[in-house]
Amino acid sequence: MASPNSTFTELVTTTFRKHKGEFADNVTNNNALLMQMNRKGRKKVVDGGTTLVEELDYAENSTWQRYSGYDALDVGASDVLSAAEYNWKQAAVHITASGRELRINSGDSQILNLAKSRLTNGMRTFKNNLSSDIYSDGTASNQINGLQSLIPATAGGTVGGINSATYTFWKNIVQDASSPLSGGAITLSNSTFENPFMLQLWLELTRGSDKPDLVVLSNDYFTFFEGSQTSLKRYTSDTDKSSDSASAGFVSLKYKTADVIFDGGSGIPDSTGYMINTDYLNLQCHKDAEMSEVEEQRAINQDAVVIPVIWMGNLTCSNRSLQGTLHA
């Protein structure tokens with residue numbers, strides 16, 4: 001007869017493998033930003049490398065010219081590409097059960113329920129913490145680059161190994177209500193939040209067909225925005241094929257062509273908004289550590305079973321100048 005230990009491990013592993021896609025979708029759909037990135041194919045699975053490299057496109061090719069007949073053509077080198085490098089970050093959650101719990105629950109139905117409940121709890125823990133890290137400043141030990149790092153409230157800093165004080169093309173755009181992009185200070189209210197507060201930043205971030213596709217707002221900022229839409233309010237829904245946000249449970253409005261989403265509880269700071277062009281963001285992860293289970297681990301000094309589920313990657317950006325922050 002199989003021991004409770006081996007039965008528990010087999011049940012957790014089998015259930016995890018069977019439902020891994022559902023678990024991954026559940027993690028993604030728990031966060032408005034991750035959901036939008038996943039929908040646009042901005043999740044990249046990579047197979048290795050010392051760092052995660054993002055090729056940058058920050059300037060036009062200088063060899064473009066108008067010419068006639070035998071005019072000499074400019075064939076000089078045009079260095080328009082460089083690269084940002086991001087370090088790998090790792091995270092894990094452990095599905096555990098003590099020997100006492102395993103023996104108490106050694107019956108078929110009890111051990112199955114124990115395995116399912118521990119796995120469900122582990123995946124819930126994973127999604128909540130990754131969601132919080134997405135909005136972090138990345139300063140906690142081994143933490144991924146969150147939006148407070150990639151698109152900080154104070155423009156500049158060194159991100160991806162590039163110092164934006166030296167390379168100004170690498171700065172994100174900041175709209176500060178106390179010192180806005182144009183005009184005097186803005187007292188935020190229902191009547192001022194959309195115009196001029198949001199509009200000034202939108203214009204700065206729009207470059208032809210390149211424009212923000214997602215605006216994520218804190219509780220207080222979403223309240224201002226919704227109040228400004230009293231006569232124009234339109235929520236996205238399941239019939240709106242341009243957005244999946246409503247069907248995923250997020251309260252979503254529209255600002256121009258972008259979804260405006262309240263992502264409360266995900267870790268976004270108060271009095272903060274992000275105007276994001278997700279075409280230039282990637283959630284990169286390693287193919288062998290993409291919420292992958294590791295073989296059962298047993299400590300020599302514990303009567304317990306430990307099954308790690310690991311992740312390795314980072315949130316990366318290839319163009320910071322098209323990302324913006326709203327704050328007071």
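Observations on the model:
- Under 21 Å from LYS211, Cα to Cα: lysines that are on another chain or at least 8 residues apart: LYS40, LYS43, LYS171, LYS241, LYS254, LYS256
- Mean residue ellipticity (222 nm) of the chain, computed from DSSP H runs ≥ 4 via -39,500 (n - 2.57), nearest 500: -8500 deg cm²/dmol
- Within-12-Å neighbourhood charge of GLY157 [Cβ basis; K, R +1; D, E -1]: +1
- Paramagnetic reach from ASP47 (point 7 Å along Cα→Cβ, amide N under 19 Å) across the range 273-287: 284-287
- The range 74-176, accessible surface, carbon-and-sulfur percent (1.4 angstrom probe): 44 percent
- Surface exposure of the range 19-120, expressed per residue as accessible area with a 1.4 Å probe, stands at 63 Å².
- Per-residue ³J(HN,Hα) for the range 300-317, Karplus 6.51 cos²θ - 1.76 cosθ + 1.60, θ = phi - 60°, Hz, x for Gly and Pro: 6, 10, 9, 9, 7, 10, 10, 10, x, 10, 10, 9, 9, x, 5, 8, 10, 9
- The mean sequence separation of alpha-carbon pairs under 8 Å and at least six residues apart, normalised by the residue count of the chain, gives a relative contact order of 26 percent.
- Residues THR223 and ASP25, FRET efficiency given R0 of 45 Å [Cβ-Cβ distance, rounded to 0.05]: 0.95
- Taking a Cβ cut-off of under 13 Å around ALA304, the surrounding Lys, Arg, Asp and Glu residues balance to a net charge of +1, with basic ones at +1 and acidic ones at -1.
- A Förster radius of 22 Å combined with the Cβ-Cβ distance from ARG17 to ILE104 puts the calculated FRET efficiency at roughly 0.25.
- PHE262 - accessible surface, heavy atoms, 1.4 Å probe, Å² rounded to 10: 70 Å²
- Our coupling estimate for the range 273-280, obtained by passing each phi through the Karplus curve with A = 6.51, B = -1.76, C = 1.60 and θ = phi - 60°, is x, 10, 9, 10, 9, 6, 4, 10 Hz, Gly and Pro reported as x.
- Between the residues ASN129, HIS19, TYR167, the greatest Cα displacement towards the positive end of the dipole of the chain, with unit charges on the Cβ of Lys, Arg, Asp and Glu, is found for HIS19.
- Whole-Hz couplings from phi, Karplus 6.51/-1.76/1.60, listed for the range 96-111; x for Gly and Pro: 10, 7, 7, x, 4, 5, 5, 6, 5, 9, 6, x, 3, 6, 5, 5
- Under 5 Å from the amide H of VAL260 lie the amide H atoms of VAL215, LEU253, LYS254, TYR255, each residue being 5 or more positions distant or on a separate chain, with H modelled from the backbone and absent for Pro and chain starts.
- Judged by the ratio a/c of the largest to the smallest principal axis of the C-alpha gyration tensor, the range 127-195 counts as oblate, that ratio being 1.5 or greater while a/b is no larger than b/c.
- Note on surface exposure: TYR221, TYR280, TYR70, TYR167 rank TYR70, TYR167, TYR280, TYR221 by accessible area, highest first, 1.4 Å probe.
- For SER164, nonlocal amide neighbours, meaning residues 5 or more places apart or on other chains whose placed amide H falls under 5 Å from its own, are GLY157, THR158, VAL159.
The values are calculated or read from the model by the stated rules, or taken from the named source; none is laboratory data. Owing to the predicted nature of the structure, the values given are computational and were not obtained by experimental measurement. Here Cβ is always computed from backbone atoms with ideal geometry, including for glycine, and neighbour counts include all displayed protein chains. To get the accessible areas, we keep the full protein, side chains included, count just its heavy atoms, and leave off ligands, DNA and RNA. Shrake-Rupley method; radii C 1.70, N 1.55, O 1.52, S 1.80 Å.
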